[in-house]
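The values are calculated or read from the model by the stated rules, or taken from the named source; none is laboratory data. Since we're looking at a predicted model, the values are computed, not measured. Neighbour counts run over all protein chains shown; Cβ positions are idealised from the backbone, glycine included. For the accessible areas, the whole protein counts, side chains as well, though only heavy atoms, and no ligand, DNA or RNA atoms are used. Shrake-Rupley method; radii C 1.70, N 1.55, O 1.52, S 1.80 Å.
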Amino acid sequence: MNIVDIIIRKRNGEALTPEEIHFFVEGVKNETIADYQTSALLMAIFLRGMDETEVATLTREMALSGDSLSFPERLRPIVDKHSSGGVGDKTSLVIAPVVAACGLPIAKLSGRGLGHTGGTIDKLESIPGFRTELTEAEFIRNVEEDGIAIMGQSADIAPVDKVLYALRDVTGTVDSIPLIAASIMSKKLADGSDAIVLDVKYGSGAFMKTPEEAIELAQVMVGIGEANGKKTLALITDMTQPLGRAVGNALEVREAVETLQGGGPEDFRAVCVALASAMLLAGEKAESREEAEAMVQEAVTSGRALQKLKAMVQNQGGDVAALDDLSKLPQATLEQDVVATQTGVVVAIDAETIGKASLALGAGRRRKEDAIDPAVGLVLSKKVGDAVTAGDSLVTLYANDPERVEEAEGLVREAYQIEAREATGKTAVVYARVTQGGVERLDAAKGADDAADEA
Ligand code: URA
């Protein structure tokens with residue numbers, strides 16, 4: 001077999017055989033295929049796509065390129081959750097303790113942020129002392145003892161994905177549905193879970209810009225999961241504006257703790273309830289959506305979910321006192337409001353631009369090796385649908401370097417769109433549920449249809 005023939009076949013729009021895909025993934029792993037040939041095949045896949053069998057095979061081969069975790073039978077079923085990434089997405093910090101408090105063990109491998117999107121591992125590391133590198137034995141022991149552990153993904157899980165992702169990043173081939181689906185799902189197939197709940201986001205802060213594209217990506221990922229024997233479902237959620245109010249690592253931990261205390265922003269709570277309930281159903285801890293939602297509410301109001309977060313922080317070397325007294329989390333030295341210059345209603349907040357403002361303050365990485373500042377970021381006082389009077393604070397910036405504030409302020413101003421009209425009310429955030437059985441459109445989709453009818 002020859003990689004050039006494989007590239008030509010895909011370039012011509014033909015479907016690759018399982019043997020060809022195996023040959024390609026092995027060649028990437030063993031470095032017998034050059035980066036320029038891999039890049040050429042990635043571009044051919046980007047342009048020509050892949051059918052269902054090709055994507056499922058590519059994903060399986062990528063998963064098999066490295067180690068896989070396996071959990072003792074007594075802990076099963078293990079239900080994993082994955083978000084396709086966004087701005088202000090701190091859902092794992094709430095969902096993991098909630099489902100653990102409902103008796104469903106959670107053993108989650110998470111990633112770091114890159115570019116304008118944040119990552120759970122960076123957020124957890126803003127808790128003083130918290131360790132995200134655990135041995136497999138420690139990880140499993142914590143899940144056995146307290147039902148909860150979150151750690152960074154080791155280099156040995158789907159190593160070929162790392163090579164492919166790095167090449168996609170520099171060859172204009174990131175936003176391809178088969179490549180995104182194979183990348184995400186290869187890591188999920190290797191993580192030892194029995195069921196997967198996916199949070200596939202749409203909007204400017206997400207890979208998929210429209211709900212329909214997100215549904216298409218979700219359908220491919222659900223197909224891959226099910227084809228590999230894992231119960232898989234996806235919720236399609238809104239990332240047209242940041243989720244919740246806080247963007248930045250310690251600021252997001254604060255918001256997650258407030259949510260576990262029964263507060264937190266409404267849109268963020270809604271996404272957490274929907275995802276946690278879906279996990280309880282997938283893990284057979286509840287029989288109906290209503291029962292699952294009631295369990296989630298009870299885990300929060302009883303304080304048991306917050307106790308689970310504290311147990312995880314304690315087990316992983318973090319300072320539990322910082323969760324009782326949030327002022328012990330890293331604090332920025334500068335605080336500055338960005339105020340509205342006009343009166344009206346916020347009609348849009350571009351999530352990607354807000355992510356870039358947070359990045360400008362130092363909360364994220366432009367390159368993998370960059371250090372991040374856990375204390376900095378921003379908090380939105382106004383969200384889409386809110387009325388604004390000139391002079392009101394739109395956003396509070398938290399910074400340590402005064403030189404970074406001006407750029408962040410400019411980006412925040414660019415992100416906000418304010419129009420002189422009546423307040424519109426809030427829109428729902430969960431758009432659809434995608435399972436092997438089909439697509440069920442939910443509140444946000446119905447809201448969008450109603451708005452279109454009114455227009
Ligand atoms: N997250 C991943 O892990 N891979 C992608 O390709 C996109 C998002």
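Yes/no matrix, rows are residues, columns are (1) open to solvent by 20 Å² or more (accessible area, probe 1.4 Å); (2) assigned to a loop (DSSP other than H, G, I, E, B):
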site: Ala357; (1), (2): no, no
site: Glu369; (1), (2): yes, yes
site: Leu378; (1), (2): no, no
site: Val395; (1), (2): no, no
site: Val405; (1), (2): no, no
site: Gln417; (1), (2): yes, no
site: Arg421; (1), (2): yes, yes
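All conditions but one from (1) buried (at least 20 other Cβ atoms within 10 Å of the Cβ); (2) modelled with pLDDT under 95; (3) small (Gly, Ala, Ser) apply to Ala292; the one that does not is (2).
In contact (Cβ under 8 Å) with a residue 40 or more places away in the chain and either among the polar types (S, T, N, Q) or in contact with a His (Cβ under 9 Å, 6 or more places away or on another chain) (or both): is that true of Gln314 in this structure? Outline the logic, then answer.
Details: in contact (Cβ under 8 Å) with a residue 40 or more places away in the chain: no; either among the polar types (S, T, N, Q) or in contact with a His (Cβ under 9 Å, 6 or more places away or on another chain) (or both): yes.
Here the answer is no, as Gln314 does not meet what is asked.
So how many residues does the range 384-393 have that are in a loop (DSSP other than H, G, I, E, B) and either open to solvent by less than 10 Å² (accessible area, probe 1.4 Å) or aromatic (Phe, Trp, Tyr) (or both)? Talk me through it step by step, then tell me what you get.
Just the residues of the range 384-393 that are in a loop (DSSP other than H, G, I, E, B), to begin with: 384-386, 389-392.
Narrowing further to those that are either open to solvent by less than 10 Å² (accessible area, probe 1.4 Å) or aromatic (Phe, Trp, Tyr) (or both): 385.
Summing the residues that are in a loop (DSSP other than H, G, I, E, B) and either open to solvent by less than 10 Å² (accessible area, probe 1.4 Å) or aromatic (Phe, Trp, Tyr) (or both) in the range 384-393 gives 1.
If the condition is being out of contact with any Leu (no Cβ under 9 Å at 6 or more places or on another chain) and not aliphatic (A, V, I, L, M), then the range 415-432 contributes Gln417, Glu419, Arg421, Glu422, Thr424, Gly425, Lys426, Thr427. State all residues of the range 73-103 that are away from the ligand (no atom under 16 Å from the Cβ), on the phi < 0 side of the Ramachandran plot, open to solvent by less than 10 Å² (accessible area, probe 1.4 Å) and outside any helix (DSSP H, G or I); if no residue qualifies, say none. Across the range 73-103, the qualifying residues are Ile78, Val79, Lys90.
Scan the range 14-22 and tell me whether some residue there is buried (at least 19 other Cβ atoms within 10 Å of the Cβ), part of a helix (DSSP H, G or I), charged (D, E, K, R) and at pLDDT 95 or above.
Filtering the range 14-22 for residues buried (at least 19 other Cβ atoms within 10 Å of the Cβ) gives 16, 20-21.
Then drop every residue that is not part of a helix (DSSP H, G or I), which leaves 20-21.
Still in the running and charged (D, E, K, R): 20.
Cutting the leftovers down to at pLDDT 95 or above gives us 20.
The answer is yes, given that some residue of the range 14-22 is buried (at least 19 other Cβ atoms within 10 Å of the Cβ), part of a helix (DSSP H, G or I), charged (D, E, K, R) and at pLDDT 95 or above.
With respect to being open to solvent by 10 Å² or more (accessible area, probe 1.4 Å) and away from the ligand (no atom under 12 Å from the Cβ), Gly223 fits the description. Residues in the range 92-138 that are in contact with a strand residue (DSSP E or B) (Cβ under 7 Å, 6 or more places away or on another chain) and over 24 Å from Lys162 (Cα atoms): Ile95, Ala96, Pro97, Val99, Ala100, Leu104, Ile106.
Is it the case that some residue within the range 400-418 is of a type in the set (S, T, N, Q), under 20 Å from the mean Cα position of the chain (by Cα) and modelled with pLDDT of 95 or more? No; the residues of the range 400-418 include none that is of a type in the set (S, T, N, Q), under 20 Å from the mean Cα position of the chain (by Cα) and modelled with pLDDT of 95 or more.
Residues checked against (1) closer than 20 Å to His82 by Cα; (2) crowded, with 20+ Cβ neighbours inside 10 Å; (3) within 11 Å of the ligand (Cβ to nearest atom):
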site: Arg141; (1), (2), (3): no, no, no
site: Leu164; (1), (2), (3): yes, yes, yes
site: Val170; (1), (2), (3): no, no, no
site: Val174; (1), (2), (3): yes, no, yes
site: Ala181; (1), (2), (3): yes, yes, yes
site: Ser186; (1), (2), (3): yes, yes, yes
site: Leu189; (1), (2), (3): yes, yes, no
site: Ile196; (1), (2), (3): yes, yes, no
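Scanning the range 242-262 for residues that are touching an Asp or Glu at 6+ places or on another chain (Cβ under 9 Å) and closer than 16 Å to Asp199 by Cβ turns up Pro242, Leu243, Gly244, Glu252.
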